[in-house]
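Undergrad: Please read through the structure below; I'll follow up with questions.
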Amino acid sequence: MRILIVEDETIAARGLEKMLREIYGKEITSLKVERSLVGSECFLEEHSIDLLFLDLNLDGREGFDLLRNIISQSFHTIIVSGMTEKAIQAFEFGVLDFVPKPIKKERLEKALQKWKSIAANSRYTKFLSVKKDDKTEIISLKDISYIQGQNNNAIIYRKNLTTDTHRKTLDSLSKILPSHFFRIHKSYIVNLREAKYLKSKGGGKYIVELKNEKTLPVSRKIYSELKKRMG
């Protein structure tokens with residue numbers, strides 16, 4: 001288990017680390033404490049983690065800023081904060097749980113049990129974040145029709161026909177998207193909930209037609225699997 005704690009109060013960070021080590025012991029393979037948003041973003045660019053513990057007040061900056069930038073990474077987030085009025089907003093970011101300060105070990109264990117029950121069997125990403133000029137927009141997966149690879153970026157096609165550029169490759173997105181987002185071609189990932197028909201065009205060529213009547217190419221080698229998935 002790889003853990004990152006983002007907490008600018010030394011005593012709070014040490015207390016949380018102590019409780020985590022008491023609960024999980026040798027199951028923890030790495031545990032890093034970062035005290036700033038910049039340091040946290042740099043760490044996440046170079047390291048993979050399983051679980052993020054995030055405070056919401058970091059030297060006057062809001063912890064949500066970190067989630068806006070890294071929300072499409074493949075890990076779960078537990079908010080640890082005394083700002084309980086922010087709980088509803090936190091869950092809108094798709095976080096796993098909100099543990100209020102001061103932290104009680106029993107409450108922390110409950111949050112960890114929730115993480116353990118889903119971590120082995122599911123991908124929990126619910127949003128992708130797209131940077132636009134000086135702001136970051138959060139896109140719900142349920143609003144996405146399909147995604148097209150373009151060099152090292154991904155073009156997100158929404159149901160409302162608007163598009164956004166996401167700074168991730170299709171390979172990296174395939175690792176974090178839920179199972180109903182299916183890689184049908186080297187250049188396309190489709191939301192199967194938006195797929196309507198799978199058709200053969202002859203000559204070993206196949207296409208999938210979406211509810212918006214858009215057609216996308218289907219790789220010959222995954223045709224049979226896609227046919228099963230679409231019933």
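Undergrad: Restricted to segment 3-57, and to residues that are aliphatic (A, V, I, L, M), open to solvent by 20 Å² or more (accessible area, probe 1.4 Å) and part of a helix (DSSP H, G or I), which residue is nearest to Lys114 (Cα to Cα)?
TA: Checking each candidate, the answer is Ile23.
Undergrad: Identify all residues within segment 13-41 that are touching a residue at least 40 places away in the same chain (Cβ under 8 Å) and among the small types (Gly, Ala, Ser); write none if there are none.
TA: The answer is Gly15, and nothing else.
Undergrad: While we're here: Which one is least open to solvent (accessible area, probe 1.4 Å), of the residues in segment 87-109 that are part of a helix (DSSP H, G or I) and modelled with pLDDT of 90 or more?
TA: Leu108
Undergrad: Out of segment 180-214, which residues are assigned to a loop (DSSP other than H, G, I, E, B) and surrounded by 13 or more Cβ atoms within 10 Å (Cβ to Cβ)?
TA: Once the filter is applied, which keeps residues that are assigned to a loop (DSSP other than H, G, I, E, B) and surrounded by 13 or more Cβ atoms within 10 Å (Cβ to Cβ), segment 180-214 yields His180, Ser187, Lys211, Asn212, Lys214.
Undergrad: Give Thr169, Thr136, Thr162 a once-over and let me know the one that is β-branched (Val, Ile, Thr) and in contact (Cβ under 8 Å) with a residue 40 or more places away in the chain.
TA: Thr136
Undergrad: Just checking, how many residues over segment 132-175 are under 22 Å from Leu210 (Cα atoms), open to solvent by 70 Å² or more (accessible area, probe 1.4 Å) and of a type in the set (Lys, Arg)?
TA: Adding up the residues that qualify gives 2.
Undergrad: Can you name the condition, by its number, that Gly204 falls short on among (1) under 23 Å from Phe64 (Cβ atoms); (2) modelled with pLDDT under 95?
TA: (1)
Undergrad: It is to be established whether one or more residues within segment 51-59 are touching a Gly at 6+ places or on another chain (Cβ under 9 Å), farther than 27 Å from Ser174 by Cα and of a type outside the set (Asp, Glu).
TA: Yes, some residue in segment 51-59 is touching a Gly at 6+ places or on another chain (Cβ under 9 Å), farther than 27 Å from Ser174 by Cα and of a type outside the set (Asp, Glu).
Undergrad: Among what's in segment 134-179 and is aliphatic (A, V, I, L, M), farther than 25 Å from Lys228 by Cβ and part of a strand (DSSP E or B), pick the residue that is modelled with the lowest pLDDT.
TA: So the residue we want is Ile138.
The values are calculated or read from the model by the stated rules, or taken from the named source; none is laboratory data. Given the structure is predicted, the values throughout are model-derived calculations rather than measurements. Here Cβ is always computed from backbone atoms with ideal geometry, including for glycine, and neighbour counts include all displayed protein chains. Side chains included, ligands, DNA and RNA excluded: accessible areas come from the protein's heavy atoms. Shrake-Rupley method; radii C 1.70, N 1.55, O 1.52, S 1.80 Å.
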